[in-house]
1. When the stretch 363-416 is examined, which residues are found to be surrounded by 16 or more Cβ atoms within 10 Å (Cβ to Cβ), of a type in the set (A, V, I, L, M, F, W, C) and out of contact with any Phe, Trp or Tyr (no Cβ under 8 Å at 6 or more places or on another chain)?
2. When you scan the stretch 318-334, do you find a residue that is of a type outside the set (S, T, N, Q), open to solvent by less than 10 Å² (accessible area, probe 1.4 Å) and free of Cβ contacts under 8 Å to residues at least 24 places away in the same chain, even just one?
3. So which residues in the stretch 690-706 are of a type in the set (D, E, K, R) and either in contact (Cβ under 8 Å) with a residue 12 or more places away in the chain or in contact with a helix residue (DSSP H, G or I) (Cβ under 7 Å, 6 or more places away or on another chain) (or both)?
4. Are there strands (runs of 3 or more DSSP E) fully within the stretch 693-762 with at least 3 residues that are modelled with pLDDT under 80, in contact with a strand residue (DSSP E or B) (Cβ under 6 Å, 6 or more places away or on another chain) and crowded, with 17+ Cβ neighbours inside 10 Å? List them.
5. For the stretch 161-199, which residues satisfy the criterion of being in contact with a Pro (Cβ under 6 Å, 6 or more places away or on another chain) and either more than 25 Å from V138 (Cβ to Cβ) or part of a helix (DSSP H, G or I) (or both)?
6. Which members of the stretch 399-439 meet the condition of being over 18 Å from G357 (Cα atoms), without any contact (Cβ under 8 Å) to a residue 60 or more places away in the chain and either touching a Cys at 6+ places or on another chain (Cβ under 7 Å) or not aromatic (F, W, Y) (or both)?
7. Does G50 count as over 17 Å from L91 (Cβ atoms) and open to solvent by 10 Å² or more (accessible area, probe 1.4 Å)?
Amino acid sequence: MTKPDSSLDSGAKRFYLTTPIYYVNARPHLGHAYSTIVCDAIARRKRALGIDTWFLTGTDEHGQKIERSAKLAGKTPLEFADVIAGEFRSLWDRLGIRYDDFIRTTEPRHVRGVQKLFATLRDKGYIYKSTYTGQYCVSDEAYVDGPPGTVCPTCGRMTETVSEENYFFKLSAFERKLLEFYEAHPEFMQPESTRREVISFVRGGLKDLSVSRTSFSWGIPVPGDEKHVVYVWLDALANYMTALGYGSDDPADKARFEKFWPADLHLIGKEISRFHCVYWPAFLMAAGIPVPRSVRANGWLLFDDTKMSKSLGNIVRAETIDEVLGADALRYFLLREIPFGQDGSFTFDALVRRYNGDLANGYGNLVSRVVNMMHKYFGGVVPEAGAATEAEEALRATAERTLAEFGPAFDEFNFSEALKGLWALVAETDGYLTANAPWKKPAERSDADHVALQARVLATAAEAIRIITALVYPILPASAEKVWRQLGLGEIDEAGKQAFLMNLQWGGLKAGTRFGEPAPLFPRAEKDAMERMQNLENENSASAVDAAAGTKIDAAARNKNVDPQQAPASPSVDPTTAKDTATAHANDALTPTTVVPQDAARPVATAQVHPVPAEIASARLSSTPATAPAGAPLTPDAATAEQTAPPAEEKHFITIDDFAKVDLRVAQILVAERIPKADKLLRLEVDLGYEKRQILAGIAQYYEPEKLIGRKIVIVANLAPRKMRGLESNGMLLAASLPNNAESTPVLAGFLEDVPLGARLK
Ligand code: ME8
């Protein structure tokens, strides 16, 4: 018998768990799905163990980042948030996420609660007014130590200098208290790496924290001083209480809060542990409110060795996987493939291999064999198994061991191990079936003996499937539901409500149970499945539909001077740039005033061969091969062509209008870094003044990344986005191309005079 046990068990008959509330500046991707799926699986298991469970998720809608994203999309922040919050909800529906509440930080219940928390902290003397001058990372909505020009240590973006009169929280007063608390509650934060990091951060000394902002207005007004808005992390963290009813006078809200607070589990990504393990308990201690019981950080989902993230453009959408393989395939893959707490790479190849190996050929095939034979040999009615032989005893022993081990492993967040053990039972059941071959009657076996064997084997295998299905239900809810019906057991959700996991033990499938109709579970993924998923992703990034606006963000949409309706088709910009553009310093003076048709957006210097201008002799300006396949030699065609004078017949000229189609701009390099396993590529983040964007350039062999930071360069700004190594490149650098044996050495174009960012070259 399984029992509610180990670290996920609060000891009480109720369990409250939360996901982070996600920013609404960009659409959800697999990274968000990962944390939410883990929570959903935990919540489903808790409920099926008879524990009164409350599962909260939601969206984080205030702050400078959202305000800027909305502005760029030409929407109010709330209109913008409405669309993305809707996208999160509909994705969660598709993925079978069964949350009890979805909080939006723009809801009145939240605003009221945050104001109450702020007032409480102020009344208790933990909040005071002072002036903050320092660096701020808009993307992470975090204060960063260092002088102007400091790059955010979390995301690598350039910080902005902020100088404001703000309210401060006396975080410094909690240094010792927090360390004592961590010491007394080792279970409070996990994994160990997170715990060590947080403790060393606190030991390094805590400074008071600015908890209000005045330079923008998209936030919750500070009660009694409305020109301030509450710092977005104080606002966001409070959701875990406001959603339960903190701040409300309604008796039902009060009762819910009383019942479920403190939270048993905040599940988060590891990059936000400081906010959850330092600021959040300090706020709560100051307000005299119990702190949560545990914070668990999942590792990062990587794509091509880099954290999957909207701003890096290397995301995969969960919808794509749902469409081709089904949501359960994704749920299973994420929990089985990645040891929880560690980073894990996502590849379509690994996904399809797991799907075919474990689901289609494994569990799915086993169910289909048994259900079909039960119909064929027993008219779909479970027969009496009769006396067990050694073979049945052995399978039963494995099932009982699995029953004993699955729960503790799962409850310790060892989902991968739990599933591995469960799949050993799948394999053993399959082997048992094959060894006893109920479909084959040897000549020497009497008819009666054969029917007895068929009855014993099929009833036993069906019982094993029942156990497997019950245990896997939190991870594969849609498939488990189908199997439960095929086993003639009715609705698994109903069984869940009856706490069927609490008393799960061998022998529950009764003779006489009438099986449901066989139904396909996991059709084998054929060769084209991967291609289909990749195409869906490519189409999605090429369509460049801005999730929030539901319209194309293009040069026209970004340009207030041009009516997008009247503009010719414009170069598409992937929504992945939304986060970058959101962080840009808005600089209207530098907003582009020309709209460039999409068909003009192609590489310049590499596309045609022009006469070499006399003044640069054999060196000429070429675009660095940002659009070349990763690892390919530096624009070989152009490089070779450039070394010889073009034949007369190739000397065709372009018109001034042709040239005007190319949007050349001054940009500054903010971030430059090598890309693992791509010797030739650098990933750059450049600032165009009116937006920031990512460009991949094949200059890694010629430039040290550190030396590029701060350098002003020229880019082709209207080149169609391209993906390389899973990362998106949004433009090309211009460089003189110097012949160098078989290759060419790039020398980046620049200026002697100081030129403003975003200035156009024409
Ligand atoms: O940080 N791998 O919101 P957010 C694993 N609003 N998990 C990932 C991931 C990846 N590549 N990418 C995202 C915020 N996540 C704040 C939170 S809470 C009071 C406020 C998951 O939209 C992971 O859980 O940036 C991470 O912490 C969260 O999404 C960040 O979502």
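The values are calculated or read from the model by the stated rules, or taken from the named source; none is laboratory data. Note that the structure is predicted; figures quoted are calculated from it, not measured. With ideal geometry, Cβ positions are generated from the backbone for all residues, glycine too; neighbour counts draw on all protein chains shown. What goes into the accessible areas is simple: the full protein's heavy atoms, side chains included, and nothing from ligands, DNA or RNA. Shrake-Rupley method; radii C 1.70, N 1.55, O 1.52, S 1.80 Å.
1. Once the filter is applied, which keeps residues that are surrounded by 16 or more Cβ atoms within 10 Å (Cβ to Cβ), of a type in the set (A, V, I, L, M, F, W, C) and out of contact with any Phe, Trp or Tyr (no Cβ under 8 Å at 6 or more places or on another chain), the stretch 363-416 yields L366, V367, V370, F378, A385, F406, F410.
2. Checked against the condition, which is being of a type outside the set (S, T, N, Q), open to solvent by less than 10 Å² (accessible area, probe 1.4 Å) and free of Cβ contacts under 8 Å to residues at least 24 places away in the same chain, the stretch 318-334 yields at least one hit.
3. Residues satisfying the conditions are E691, K692, R693, E706.
4. none
5. none
6. R401, E405, A409, A435, N436, A437
7. yes
Each row is one residue, and each column tells you yes or no for (1) small (G, A, S); (2) farther than 30 Å from A26 by Cβ; (3) in contact with an Asp or Glu (Cβ under 9 Å, 6 or more places away or on another chain); (4) free of Cβ contacts under 8 Å to residues at least 24 places away in the same chain.
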| site | (1), (2), (3), (4) |
| --- | --- |
| E494 | no, yes, no, yes |
| A499 | yes, yes, no, no |
| M502 | no, yes, no, no |
| Q505 | no, yes, yes, no |
| L509 | no, yes, yes, no |
| G512 | yes, yes, yes, no |
| P520 | no, yes, no, no |
| D528 | no, no, no, yes |
| N535 | no, no, no, yes |
